[in-house]
Amino acid sequence: MASKPPAGDPVQDAPQVAAPQHAAAGLPAIGHTLRVAQQQMGVGRTARTLMKVNQKDGFDCPGCAWPEGDKRHVAEFCENGAKAVAEEATLRRVTPDFFAAHPLSDLASRSGYWLGQQGRITQPMYLPEGAERYEAVTWERAFAIIAEELRALESPDEALFYTSGRTSNEAAFLLQLFAREFGTNNLPDCSNMCHESSGSALTETIGIGKGSVSLEDLHRADLIIVAGQNPGTNHPRMLSALEQAKASGAKIISVNPLPEAGLERFKNPQTPRGMLKGTALNDLFLQIRIGGDQALFRLLNKLILETGGAVDEEFVREHTEGFEDFAAAARAADWDATLAATGLGRDEIERALRMVLDSRRTIVCWAMGLTQHKHSVATIREVVNFLLLRGNIGRPGAGVCPVRGHSNVQGDRTMGIFERPAPAFLDALEKEFGFAPPRHHGLDVVRSIEALRDGKAKVFFAMGGNFVAASPDTEVTEAAMRRARLTVHVSTKLNRSHTVTGRRALILPTLGRTDKDIQAGGRQVVTVEDSMGMVHASRGNLTPASPHLLSEPAIVARMARAVLGPSSTTPWEDFEQDYSTIRDRIARVVPGFEDFNAKIARPGGFTLPHGPRDERRFPTATGKANFTAAPVEYPEVPKGRLLLQTLRSHDQYNTTIYGLDDRYRGIKGGRRVVLVNPEDARELDLADGSYADLVGEWKDGVERRAPGFRVVHYPTARGCAAAYYPETNVLVPLDSTADTSNTPASKSVIVRLEQSPTV
Ligand SMILES: Nc1nc2c(c(=O)[nH]1)N[C@H]1C(S)=C(S)[C@@H](COP(=O)(O)OP(=O)(O)OC[C@H]3O[C@@H](n4cnc5c(=O)[nH]c(N)nc54)[C@H](O)[C@@H]3O)O[C@H]1N2
Ligand SMILES: Nc1nc2c(c(=O)[nH]1)N[C@H]1C(S)=C(S)[C@@H](COP(=O)(O)OP(=O)(O)OC[C@H]3O[C@@H](n4cnc5c(=O)[nH]c(N)nc54)[C@H](O)[C@@H]3O)O[C@H]1N2
Ligand SMILES: [Mo]
């Protein structure tokens with residue numbers, strides 16, 4: 001097999017491989033943090049910025065959605081949060097001269113890593129039809145172009161308004177208001193590719209699509225199951241919570257095809273003992289096959305049912321529906337089928353069962369390892385069954401804990417960024433603003449791509465994110481985007497989506513979380529909601545990257561005025577000048593936000609109500625939690641093929657690449673790697689260090705190929721493989737999605753590995 005990567009990638013991708021590590025955080029993380037931060041920000045700005053992350057008078061970390069505790073450390077951030085901050089607070093700039101020097105064809109040939117490294121965008125840029133380069137444009141002209149294209153549509157449903165989860169509550173509320181006043185519910189968002197399966201499963205079973213635990217609950221749990229999540233990289237501050245839980249006697253089970261370093265051992269950089277020895281977090285590691293989780297939880301449920309006194313009968317009687325059907329399905333679970341689906345041993349499952357039965361207070365945490373499969377919604381419903389059986393919802397120290405990704409993805413949904421809004425939300429909007437919002441459902445991410453592909457959507461507007469790189473089926477998505485008449489991106493940094501454009505394109509540069517936001521009404525704060533339903537203020541303290549930037553609320557307000565004109569009675573100008581006027585409206589439209597402005601004046605903010613958590617009140621049709629009984633599914637992989645999951649390295653934030661290392665997994669200097677179990681590799685004749693193309697196999701017969709991946713023998717579960725996203729998105733078929741939630745199944749892609757052509 002070939003021994004060098006194929007040529008042509010503008011960033012040298014030459015992975016070197018060492019043994020995976022068995023502990024996360026600790027000293028190397030601190031050194032790494034400061035190095036990365038200082039390269040981007042210099043020494044003084046690094047100190048000024050990092051001291052304000054997640055402080056009560058500072059800004060919310062633009063990294064993940066993990067909550068802050070009530071007691072804050074001086075340094076309330078993690079290595080990867082610091083990288084996210086450094087990316088945004090960088091001193092590097094992308095000016096009109098940069099665009100003059102780099103025609104679109106050049107930008108389109110660059111890697112996402114290179115594009116992101118160029119710095120913050122300083123001025124609005126416009127790509128006229130047929131032009132080779134973006135050119136500087138005034139804000140006024142930019143909004144006039146948007147108005148011209150939106151007004152030319154035959155129907156408002158030919159426009160798409162995408163949101164990525166960094167957008168503040170205020171900007172999100174304005175964006176959905178504008179879209180609905182314009183006349184569409186086409187509000188796809190990153191959640192459609194992320195925790196939509198959790199939202200679908202939880203809404204149906206407990207009546208609210210959000211997690212039911214607080215940090216305090218985690219600290220008090222007897223048992224925490226972490227399934228399909230890699231917190232050491234993606235939610236590093238969660239490790240402190242797990243450490244604290246362990247100190248109070250909790251046990252931890254992790255369920256994952258990969259042995260992830262953070263779950264093995266955590267070296268807390270906040271304590272001297274932590275730095276030296278660290279804490280072993282896992283009590284039991286269930287190395288499950290990809291997609292085996294529903295089968296695992298179903299069997300555990302059967303075993304619980306068969307254990308005398310294990311079911312919380314009173315809870316089941318008082319607070320749930322559907323028990324009989326569920327119990328009949330669970331009793332039919334079968335050991336052999338479960339062992340085949342999970343790849344686990346009988347003794348391992350029996351050990352897990354004993355830990356489950358010994359626990360009075362159990363929490364299940366999960367992320368993308370559970371949400372991005374065909375049967376994700378059914379899997380998460382089975383997790384809910386598991387918790388309901390022993391009364392583990394609405395009791396301190398127990399509950400469901402979907403760990404969200406983007407720092408305000410949960411808040412954006414609360415603000416109405418949703419293509420299928422609840423009628424009650426629309427009623428409230430109508431009452432408050434006096435227009436009739438559209439009632440028919442809009443398009444999610446996958447359906448938006450189909451609409452662009454089929455010529456049914458013509459204007460694409462993105463409030464943040466990197467739609468073409470984050471979406472599945474890269475070639476299909478890019479071709480679809482090129483059919484648009486106008487593509488608009490509100491962005492802080494350059495990315496691939498700016499290079500794959502409609503006939504005309506705009507880049508609208510905006511303030512980030514770290515930037516000071518001053519409007520006619522004075523200095524503004526915005527608000528965000530974390531993964532546990534805590535809402536609080538966020539204030540940037542840095543001089544903005546350029547005097548030409550507008551805030552996200554200002555961009556939406558001005559766009560709305562340009563598009564809707566004087567016929568709109570919404571006070572867009574007031575909203576732009578003083579965000580507290582937006583919050584006054586949110587307070588009247590969204591339940592739980594009454595007295596919003598007063599509540600965020602309190603340091604630390606406030607917690608949104610959550611019926612199941614607060615009083616075992618389930619806002620379902622029956623007022624009770626629903627047991628469900630879906631058939632058990634798991635991916636069937638033909639012989640000679642592997643099941644590929646597409647995941648994050650330690651040096652990236654989604655499509656933003658910070659660097660080319662994945663320290664905990666022992667990978668350095670490159671991202672085109674595929675992790676394969678050594679025994680599978682032997683059977684498939686894949687030597688460690690050889691190069692292979694990943695070729696997708698899907699029922700449509702279309703060949704999807706990601707060329708030139710270095711094979712790494714790695715202790716993943718048998719039959720499974722792993723490679724990084726977004727390089728592998730080309731392999732994820734657009735119509736391979738989760739039932740009900742329509743989330744791309746980017747964690748179950750059937751591939752064959754073909755030797756790469758020698759170079
Ligand atoms: N530094 C950093 N932080 C981030 C992000 C980032 O890119 N970088 N992204 C943010 C976002 S938007 C999100 S959604 C979260 C993502 O957070 P994660 O969900 O932790 O992210 P992934 O890298 O996709 O990891 C998926 C994990 O699930 C496991 N897994 C895969 N398939 C299965 C399965 O079938 N069953 C089980 N049990 N496990 C499985 C994988 O081995 C891996 O450990 O992180 C957020 N935080
Ligand atoms: N194959 C595969 N695909 C996946 C996933 C996977 O695991 N595997 N994960 C999915 C998940 S969980 C998610 S959440 C999506 C992520 O999808 P997105 O949210 O669309 O992608 P990001 O990479 O987070 O977006 C990064 C861009 O956001 C812009 N940005 C950053 N900060 C700001 C800001 O403050 N304001 C504005 N306006 N723009 C800003 C920058 O220009 C940056 O380039 O990807 C999904 N795609
Ligand atoms: Mo996400």
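The values are calculated or read from the model by the stated rules, or taken from the named source; none is laboratory data. Treat the numbers as computed from the prediction; the structure is a model and nothing was measured. All Cβ positions, even for glycine, are placed from backbone atoms using ideal geometry, and neighbour counts span all protein chains on display.
Out of the residues in segment 627-658 meeting the condition of being more than 15 Å from ligand 2 (Cβ to nearest atom) and small (Gly, Ala, Ser), tell me which one is surrounded by the fewest Cβ atoms within 10 Å (Cβ to Cβ). Within segment 627-658, the match that is surrounded by the fewest Cβ atoms within 10 Å (Cβ to Cβ) is GLY640. When VAL476 is tested against the conditions (1) surrounded by fewer than 22 Cβ atoms within 10 Å (Cβ to Cβ); (2) among the hydrophobic types (A, V, I, L, M, F, W, C); (3) touching a helix residue (DSSP H, G or I) at 6+ places or on another chain (Cβ under 6 Å), the lone failure is (3).
Residues being in contact with a helix residue (DSSP H, G or I) (Cβ under 7 Å, 6 or more places away or on another chain) and surrounded by fewer than 20 Cβ atoms within 10 Å (Cβ to Cβ) are represented in segment 153-162 by at least one member. The residues of segment 518-576 that are free of Cβ contacts under 8 Å to residues at least 24 places away in the same chain and polar (S, T, N, Q) amount to a single one, SER567. Would you mind stating whether ARG513 is modelled with pLDDT of 95 or more, charged (D, E, K, R) and either more than 24 Å from GLY405 (Cβ to Cβ) or surrounded by 19 or more Cβ atoms within 10 Å (Cβ to Cβ) (or both)? The answer is no for ARG513. Scan segment 203-237 for residues that are within 16 Å of ligand 3 (Cβ to nearest atom), more than 27 Å from LYS267 (Cβ to Cβ) and out of contact with any Ser or Thr (no Cβ under 8 Å at 6 or more places or on another chain) and the total you get is 1.
Just the residues that are of a type in the set (Ser, Thr, Tyr) and away from ligand 1 (no atom under 14 Å from the Cβ), please, taken from segment 242-268.
Within segment 242-268, SER248 is the sole residue that qualifies.
Counting only residues that are touching a strand residue (DSSP E or B) at 6+ places or on another chain (Cβ under 8 Å) and either within 16 Å of ligand 3 (Cβ to nearest atom) or in a helix (DSSP H, G or I) (or both), segment 372-403 holds 10 of them. Does segment 81-89 contain at least one residue that is without any contact (Cβ under 8 Å) to a residue 12 or more places away in the chain and outside the structural domain of GLN270 (by TED's automatic domain parsing)? Looking through segment 81-89, none of the residues is without any contact (Cβ under 8 Å) to a residue 12 or more places away in the chain and outside the structural domain of GLN270 (by TED's automatic domain parsing). Residues that are out of contact with any strand residue (DSSP E or B) (no Cβ under 7 Å at 6 or more places or on another chain) and closer than 13 Å to GLY391 by Cβ do not occur anywhere in segment 330-345.
The criterion of being crowded, with 22+ Cβ neighbours inside 10 Å and either farther than 26 Å from GLY464 by Cβ or within 16 Å of ligand 3 (Cβ to nearest atom) (or both) does not hold for GLY343.
Which of the numbered conditions does ALA462 fail, given that it passes all the others? Conditions: (1) among the aliphatic types (A, V, I, L, M); (2) in a helix (DSSP H, G or I); (3) within 16 Å of ligand 3 (Cβ to nearest atom). It fails just one condition, (2). Do we find a residue being surrounded by fewer than 23 Cβ atoms within 10 Å (Cβ to Cβ), out of contact with any helix residue (DSSP H, G or I) (no Cβ under 9 Å at 6 or more places or on another chain) and touching a residue at least 60 places away in the same chain (Cβ under 8 Å) anywhere in segment 679-689? The answer is yes, given that some residue of segment 679-689 is surrounded by fewer than 23 Cβ atoms within 10 Å (Cβ to Cβ), out of contact with any helix residue (DSSP H, G or I) (no Cβ under 9 Å at 6 or more places or on another chain) and touching a residue at least 60 places away in the same chain (Cβ under 8 Å). Residues in segment 119-152 that are crowded, with 20+ Cβ neighbours inside 10 Å and among the basic types (Lys, Arg): ARG120 alone. May I ask you to verify whether VAL674 is under 25 Å from ASN80 (Cβ atoms), in contact with a helix residue (DSSP H, G or I) (Cβ under 9 Å, 6 or more places away or on another chain) and touching a residue at least 24 places away in the same chain (Cβ under 8 Å)? No, not satisfied. For segment 22-51, the candidate set comprises residues that are surrounded by fewer than 21 Cβ atoms within 10 Å (Cβ to Cβ) and not in a helix (DSSP H, G or I); within that set, the residue that is farthest from the chain's Cα centre (by Cα) is GLY42.
Being touching a strand residue (DSSP E or B) at 6+ places or on another chain (Cβ under 6 Å) and of a type in the set (A, V, I, L, M) is a description that applies to ALA484.
I'd like the residue in segment 178-202 that is in contact with a Phe, Trp or Tyr (Cβ under 7 Å, 6 or more places away or on another chain) and more than 16 Å from ligand 3 (Cβ to nearest atom) and, out of all such residues, is farthest from ASN234 (Cα to Cα).
Residues of segment 178-202 in contact with a Phe, Trp or Tyr (Cβ under 7 Å, 6 or more places away or on another chain): 179, 181, 186-189.
From what is left, the residues that are more than 16 Å from ligand 3 (Cβ to nearest atom) are 179, 181, 186-187.
Values: ALA179: 32, GLU181: 37, ASN186: 29, LEU187: 26 Å.
So the residue we want is GLU181.
Whenever a residue of segment 431-444 is more than 20 Å from ILE586 (Cβ to Cβ), its partners that are part of a loop (DSSP other than H, G, I, E, B) and of a type in the set (Ser, Thr, Tyr), lying with C-beta atoms within less than 8 angstrom and at least six residues away or across chains, give the pairs PRO438/THR184; GLY442/THR184. Only one entry in PHE418, PHE435 is surrounded by 24 or more Cβ atoms within 10 Å (Cβ to Cβ), outside any helix (DSSP H, G or I) and away from ligand 1 (no atom under 15 Å from the Cβ), namely PHE418.
For segment 699-712, the count of residues that are surrounded by 18 or more Cβ atoms within 10 Å (Cβ to Cβ), part of a loop (DSSP other than H, G, I, E, B) and more than 16 Å from ligand 3 (Cβ to nearest atom) is zero.
May I ask you to list the residues in segment 421-432 that are touching a Phe, Trp or Tyr at 6+ places or on another chain (Cβ under 9 Å) and part of a loop (DSSP other than H, G, I, E, B)?
Within segment 421-432, no residue meets the criteria.
Is there a residue being under 17 Å from GLN652 (Cβ atoms), at pLDDT 80 or above, outside the structural domain of SER164 (by TED's automatic domain parsing) and within 16 Å of ligand 1 (Cβ to nearest atom) anywhere in segment 50-62? Checked segment 50-62: at least one residue is under 17 Å from GLN652 (Cβ atoms), at pLDDT 80 or above, outside the structural domain of SER164 (by TED's automatic domain parsing) and within 16 Å of ligand 1 (Cβ to nearest atom). Of the listed requirements (1) within 15 Å of ligand 1 (Cβ to nearest atom); (2) surrounded by 23 or more Cβ atoms within 10 Å (Cβ to Cβ), LEU694 misses just one: (1). None of ARG298, ARG265 is surrounded by fewer than 21 Cβ atoms within 10 Å (Cβ to Cβ), in contact (Cβ under 8 Å) with a residue 24 or more places away in the chain and assigned by TED's automatic domain parsing to the domain that holds VAL377 except ARG265. If you filter segment 525-534 down to residues that are surrounded by 24 or more Cβ atoms within 10 Å (Cβ to Cβ) and not acidic (Asp, Glu), you find that the one that is farthest from HIS235 (Cα to Cα) is VAL526.
Table: residues versus (1) on the phi > 0 side of the Ramachandran plot; (2) out of contact with any Lys or Arg (no Cβ under 8 Å at 6 or more places or on another chain); (3) of a type in the set (Val, Ile, Thr).
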| residue | (1), (2), (3) |
| --- | --- |
| GLN176 | no, yes, no |
| ALA179 | no, yes, no |
| MET193 | no, yes, no |
| LEU202 | no, no, no |
| THR205 | no, no, yes |
| VAL213 | no, no, yes |
| ALA241 | no, yes, no |
| SER254 | no, yes, no |
